[in-house]
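Heads up: the structure comes next, in structure tokens.
The values are calculated or read from the model by the stated rules, or taken from the named source; none is laboratory data. The structure displayed is predicted, hence computed values, not measured ones. Virtual Cβ from ideal backbone geometry, glycine too; neighbours counted across all protein chains shown. The protein model used for the area step is the full one, side chains on, heavy atoms only, and it has no ligands, DNA or RNA in it. Shrake-Rupley method; radii C 1.70, N 1.55, O 1.52, S 1.80 Å.
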There are 2 protein chains.
Amino acid sequence: MKQSSAIVVDTWDSPYAPLKPAPLTAATLDDMFWAPRRSLLRTATLPTQYRLLEETGRLDNFRRVSGRIDPRATPFKGYFFNDSDVYKWIEAAAWTTAAVPDPELTQMMDAAIAEIEAAQQPDGYINTYYALERAGDRWSNLKDMHELYCAGHLFQAAVAHYRVTGSERLLTIARRMADHICAVFGPPETGKRAGTCGHPEVEMGLVELARATDDEKYLAQAQYFLDVRGHGVIGGNPYHQDHKPFRELDRLVGHAVRALYLNGGAADLLAHTGEPALSAALHRLWQNLTTRQLYISGGAGSRHDGEAFGEDYELPNARAYTETCAAIALIMWAWRMLTLEGDAAYADIMELTLYNGFLAGLSLDGISYFYVNPMADSGAHRRQPWFSCACCPPNIARLLGSLPACFYNVAADGVWCHLYASGTARLTLPDGREVVVRQQTDYPWHGDVLLTVDTPAEFSLRLRIPGWCEADASLTVNGEPVAGPLKPGSYAELHRTWHAGDVVRLGLPMSPRRIESHPYALENTGRVALSRGPLLYCVEGADHPGIDLRDLVLPRTAGLEAVERADLLGGVVTLVAEGRSQPPDSAWAGRLYRPVGERRPRPRSRHTTITAIPYYAWANRQPGQLQVWLKEG
Amino acid sequence: MKQSSAIVVDTWDSPYAPLKPAPLTAATLDDMFWAPRRSLLRTATLPTQYRLLEETGRLDNFRRVSGRIDPRATPFKGYFFNDSDVYKWIEAAAWTTAAVPDPELTQMMDAAIAEIEAAQQPDGYINTYYALERAGDRWSNLKDMHELYCAGHLFQAAVAHYRVTGSERLLTIARRMADHICAVFGPPETGKRAGTCGHPEVEMGLVELARATDDEKYLAQAQYFLDVRGHGVIGGNPYHQDHKPFRELDRLVGHAVRALYLNGGAADLLAHTGEPALSAALHRLWQNLTTRQLYISGGAGSRHDGEAFGEDYELPNARAYTETCAAIALIMWAWRMLTLEGDAAYADIMELTLYNGFLAGLSLDGISYFYVNPMADSGAHRRQPWFSCACCPPNIARLLGSLPACFYNVAADGVWCHLYASGTARLTLPDGREVVVRQQTDYPWHGDVLLTVDTPAEFSLRLRIPGWCEADASLTVNGEPVAGPLKPGSYAELHRTWHAGDVVRLGLPMSPRRIESHPYALENTGRVALSRGPLLYCVEGADHPGIDLRDLVLPRTAGLEAVERADLLGGVVTLVAEGRSQPPDSAWAGRLYRPVGERRPRPRSRHTTITAIPYYAWANRQPGQLQVWLKEG
């Protein structure tokens, strides 16, 4: 089990996680949707990011600590948490080279690791902001300064590199830092310092380090960092996820990425402890997120102010913050919950977020990024090639790099298939048997999935019936319909003695859907969003020249036609409807408010063909307006 | 003209401002609405604020600079801009004692001035944050550190104190600081330093100082500080109002209070220069504000993030920021524009903001404050007795203290009456004649205003016909109807030779009004707000026990009855309608989104009497929900 990633996790020895990971290389993707994106990741995204790590001084920050460049001539550059971008890049490169060897990426990875190694302090401490001129201030401000956060990313990168390459070079660096942390922080009665990081992340890193090294000390340390929260050691602020003890949380508040990383860490610990109070808290948070605070894209964290969760139903569209990293963090959390419980609700959110809230963060050419992902826009919001706070780009890379590991799990009785894309999975069941399952499908464009079992064996094949299915899904084995209802939002279990070449056909109806939102989400009043399959749709200015998209009206009775457009945006299915453009009546000119009783001029409207594209693909053409929620009427 | 305030301004010698101020003591208010609030200001608000200036170290900050307390034993306390709170308090106390002498307030004022005087540096510089340990860093960060902002408030306070008391003690301090500033900052070709303040305010202070001292140098300095903006000397950020040269601005962006104070300063300069480009920019900004960015309360600045203006039509309700100081700044700007142009549109916004967006900032007991003024709330938002950033409380006090000066202007041909409340105005026309006008009215509860002219003289009496009038206003002089239409949003001019005892009756119909908002303001879709006279109404939990206000529905056909409630909230007129409470149908339970086609359970509703109270009065009872915009249906 050397190759499960930190996005997914290695639960082989986690007693409370019945779903075990497939190694990252077990599933290959050779589909038309993800495979080209992963190819671009390897050939464009990761190389340009490495260049930016150099150009922005992120690697020089390590070199000045090691003395490879003169620290007086070259000051520390950028934010105090910039080491983490280097670690995340290494993690992404490691997972990526696991699938397709790439000597150039490997060389970059080795070069970066050499810089890190040289910058580690004799006592194991490593953080380029605090290593030299601020050495005396180490650990002095855990609330704000992200030292443990950076360490967490180091641990995840090290585990990835170790699992992929077998090399212990970065793992050794990570262990030395982790041992140092374990020696410094702990309950005061042990003679250690109380503390935890203002930006959760190290919890997940430590658990994965424990899994990779079999050293339970790191598990205990993660547990300490979780348990000490909410007792005031870092100030008690929701922004830092320190407002309440974790087991008392009942809704998501404060900084969204912090909150969701923390939930990921808690879920990792739960896999080892099975603690009911922790499980109950995670369920309350999941309920709050999915029934009160989640965007229809799977984006999370509505507020710009503090990059934070808002009140329940506070889901503004143009002002949606929904940081790309929050989408990634949610996928990480959902995946962990899935391994604990095997509940398709987690896979539904994982898929929703993957295809929409996450994927919108990356341009079609793979080299520019959204940090913020609005649901409506004037056209001013465009992807950027980098950010001074560049958490999102390498995070996108590590998720895409480890994506194949999200498709399958194995369990005592067989295989769980969560996601659909053409490819081949060679999976090792807990009893050691290898089973091979092939998928052929045009997902997410078409809902027909053909699975071929290539191994003669008795086991259960569980196929996810997505919660988005409105009509009945169909399922056959070797042409014979499978009996019983296929409930959306569940797994269809096919238990049998398989013969090589057995063919399973899953039919997931992909009719275009109109979605309405809870009436307390005020901006969506009188509006619908369009979806098809796992994809959320939107309208964009480029397809509606001369129209102000705020005036677009989709008639209640208008049909929605799915139209294949191989020429558009790398090949998409659009949704097309006959609608109209209806600007505010002329008496609104120069006014923001008016009496209701006033005589209104007849509004003028004109016929317009509405073309909706997948939300992930917006802002890849000329700048223009975006709308996800369309006025109905 | 010794007593016009810095809220209103002294335009007697401003050639481009035809409307001249009435001295602050010229108009007395003895009505049932404002007079009790001004009495509370004197007896409760200002004394408690002074105590807080002491308790929070704001006065000690001056004492440690003068050495009256040991600066090593007592560190600087609070924010670097806290001096401004002391200055604003002095200004408020000065205006307040102008109307009603109050020896205790005068004693506090004198004590505070003595501390300020003792803390002034030999070169005239005064700022308690930079005076001692940071003396070497003076003026080193104009963008962020508010030194000129604090100076501006000192100037306004000094002018107020001088005009009210005739004492030059604080004015001398102000002049010394102003002279120092004039010596330091200016165009580089004069050998001075380029710069302007990241928080506009000094512009208004300098102009008023010029008016009080007849020293044109201060005018020129204000002009310099305005003109240098937008050329990058403080970083070019919209937050600091440095993104564009002022004359190129076409919409309000960035920090709302900064933007609106800057507009006030620009209008002050315009009164002296008549510069067309400045006037044009101010008109563009006014248009943008009032047709795209103003809340129905007169609140301005929708974003928490950066306390800033948002995009056009970005007017969230629960997340409205609408800082109380922004309402005050808007009143200041509107008043200045009114003196320049005599356009009732400015007076309409001044009145709207005064009775709603501003007044909500103060509790009915006069001792607690809102900084943020939402249009909807869960009940968690409550007024506070003070803030660490306490800009709003003394700002509220100085506006209330100078309120009488907002009621009237005089011009070459007579008197302009902008606002209505019982009281007596003794106004001196530019030609030296004194005219006395008495008002008797129950405004804002009833729209009948009886004005008595007590001076025999020929002049024009202009009475504002508010823009909110839906039905025809009525106007008689000695019982005779005045001919001609009375257009809402204009001034009715009564030019005649008045006899003592002439009686003018103005009837402003105050039917309850339903207001709708522009369709691009998304949260208000399908909703109406209720108004009556100048007052915006809202519904509050306290009047609707057991009801979730988000479920309240006001039927389109429901009548709105105005009900006098002497017992309620200090005496208000409520608006009462028969409506219903209609929670989301039961299929929404546990869901945030659902397919439109799905069968919906019949929504259950129950009859509810809806009682709306004036918006300014909310949150003065037990905590509960707030809604301004009611679902119609």
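Does at least one position in the stretch B:421-429 carry a residue that is of a type in the set (S, T, Y), assigned to a loop (DSSP other than H, G, I, E, B) and over 30 Å from B:L630 (Cα atoms)?
Looking only at the stretch B:421-429, we keep the residues that are of a type in the set (S, T, Y), and these are B:422, B:424, B:428.
Next cut, assigned to a loop (DSSP other than H, G, I, E, B) only: B:422.
From the residues that got through so far, the ones that are over 30 Å from B:L630 (Cα atoms) too are B:422.
Scanning the stretch B:421-429 turns up at least one residue that is of a type in the set (S, T, Y), assigned to a loop (DSSP other than H, G, I, E, B) and over 30 Å from B:L630 (Cα atoms).
Among the residues of the stretch B:247-267, those identified as touching a Lys or Arg at 6+ places or on another chain (Cβ under 6 Å) and either crowded, with 16+ Cβ neighbours inside 10 Å or under 29 Å from B:K20 (Cβ atoms) (or both) are B:G264, B:A267. Do we find that A:G484 is over 31 Å from the mean Cα position of the chain (by Cα), assigned to a loop (DSSP other than H, G, I, E, B) and of a type outside the set (V, I, T) in this structure? It is true that A:G484 is over 31 Å from the mean Cα position of the chain (by Cα), assigned to a loop (DSSP other than H, G, I, E, B) and of a type outside the set (V, I, T). Of the candidates A:E117, A:E133, the single residue that is over 28 Å from the mean Cα position of the chain (by Cα), surrounded by fewer than 20 Cβ atoms within 10 Å (Cβ to Cβ), under 15 Å from A:D83 (Cα atoms) and not basic (K, R) is A:E117. For the stretch A:187-215, the candidate set comprises residues that are surrounded by 16 or more Cβ atoms within 10 Å (Cβ to Cβ) and either charged (D, E, K, R) or more than 31 Å from the chain's Cα centre (by Cα) (or both); within that set, the residue that is nearest to A:A267 (Cα to Cα) is A:E203. When B:D348, B:D365, B:D305 are screened for being of a type outside the set (A, V, I, L, M) and under 21 Å from B:G624 (Cβ atoms), only B:D365 passes. Candidates A:V86, A:V159, A:V164: the one that is buried (at least 19 other Cβ atoms within 10 Å of the Cβ), closer than 24 Å to A:A222 by Cβ and modelled with pLDDT under 95 is A:V164. For B:A411, indicate whether it is touching a Lys or Arg at 6+ places or on another chain (Cβ under 7 Å) and surrounded by fewer than 23 Cβ atoms within 10 Å (Cβ to Cβ). It is true that B:A411 is touching a Lys or Arg at 6+ places or on another chain (Cβ under 7 Å) and surrounded by fewer than 23 Cβ atoms within 10 Å (Cβ to Cβ). Going residue by residue through the stretch A:518-533, is there one that turns out to be surrounded by fewer than 22 Cβ atoms within 10 Å (Cβ to Cβ), more than 10 Å from chain B (Cβ to nearest Cβ) and closer than 22 Å to A:L419 by Cα? No: zero hits.
Any idea which residue in the stretch B:375-402 is farthest from B:G533 (Cα to Cα), counting only those that are away from chain A (no Cβ under 14 Å), surrounded by 24 or more Cβ atoms within 10 Å (Cβ to Cβ) and out of contact with any Cys (no Cβ under 9 Å at 6 or more places or on another chain)? This residue is B:A390. Residues that are within 13 Å of another protein chain (Cβ to nearest Cβ), touching a helix residue (DSSP H, G or I) at 6+ places or on another chain (Cβ under 6 Å), in a strand (DSSP E or B) and surrounded by 15 or more Cβ atoms within 10 Å (Cβ to Cβ): does the stretch A:487-510 have at least one? No, because not a single residue in the stretch A:487-510 is within 13 Å of another protein chain (Cβ to nearest Cβ), touching a helix residue (DSSP H, G or I) at 6+ places or on another chain (Cβ under 6 Å), in a strand (DSSP E or B) and surrounded by 15 or more Cβ atoms within 10 Å (Cβ to Cβ). Of all residue pairs spaced 6 or more apart or on separate chains, those with beta-carbon atoms under 7 Å, a first member in the stretch A:116-136 that is under 16 Å from A:R176 (Cβ atoms) and a second member that is open to solvent by 10 Å² or more (accessible area, probe 1.4 Å) and polar (S, T, N, Q) are A:A118/A:S66; A:A119/A:S66; A:I126/A:Q120; A:A131/A:Q121. Are there any pairs, at least 6 apart or on different chains, whose C-beta atoms fall under 9 Å, with the first in the stretch B:492-514 and over 20 Å from B:A344 (Cα atoms) and the second among the basic types (K, R) and open to solvent by 30 Å² or more (accessible area, probe 1.4 Å), and if so, which? Going by the 9 Å Cβ cut-off, the qualifying pairs are B:D502/B:R496; B:R514/B:R556. On inspection, A:Y355 qualifies as farther than 27 Å from A:H146 by Cα, part of a helix (DSSP H, G or I) and modelled with pLDDT of 95 or more. Cβ-Cβ contacts under 8 Å between residues 6 or more apart (or on different chains), taken from a first residue in the stretch A:592-615 that is within 29 Å of B:G299 (Cα to Cα) and facing chain B (nearest Cβ under 8 Å) to a second residue that is assigned to a loop (DSSP other than H, G, I, E, B) and small (G, A, S), are listed as A:L592/B:A521. For the stretch A:530-572, the set of residues classified as under 25 Å from the mean Cα position of the chain (by Cα) and under 18 Å from B:R594 (Cα atoms) consists of A:L530, A:S531, A:R532, A:G533, A:P534, A:L535, A:L536, A:Y537, A:C538, listed by residue number. Checking A:R550, A:R532, A:R527 one by one, the residue that is outside the structural domain of A:G467 (by TED's automatic domain parsing) and either modelled with pLDDT under 95 or farther than 25 Å from B:G590 by Cβ (or both) is A:R550 and no other.
Reported count of residues in the stretch A:29-66, each being of a type outside the set (S, T, N, Q) and open to solvent by 50 Å² or more (accessible area, probe 1.4 Å), is 8. When each of B:A360, B:A405, B:A345 is tested for being open to solvent by 10 Å² or more (accessible area, probe 1.4 Å) and in a helix (DSSP H, G or I), the lone residue that passes is B:A345.
Residues in the stretch B:283-322 that are more than 12 Å from chain A (Cβ to nearest Cβ) and surrounded by fewer than 22 Cβ atoms within 10 Å (Cβ to Cβ): B:H283, B:R284.
Only residues that are in contact (Cβ under 8 Å) with a residue 40 or more places away in the chain and acidic (D, E) were counted in the stretch A:569-591, giving 0.
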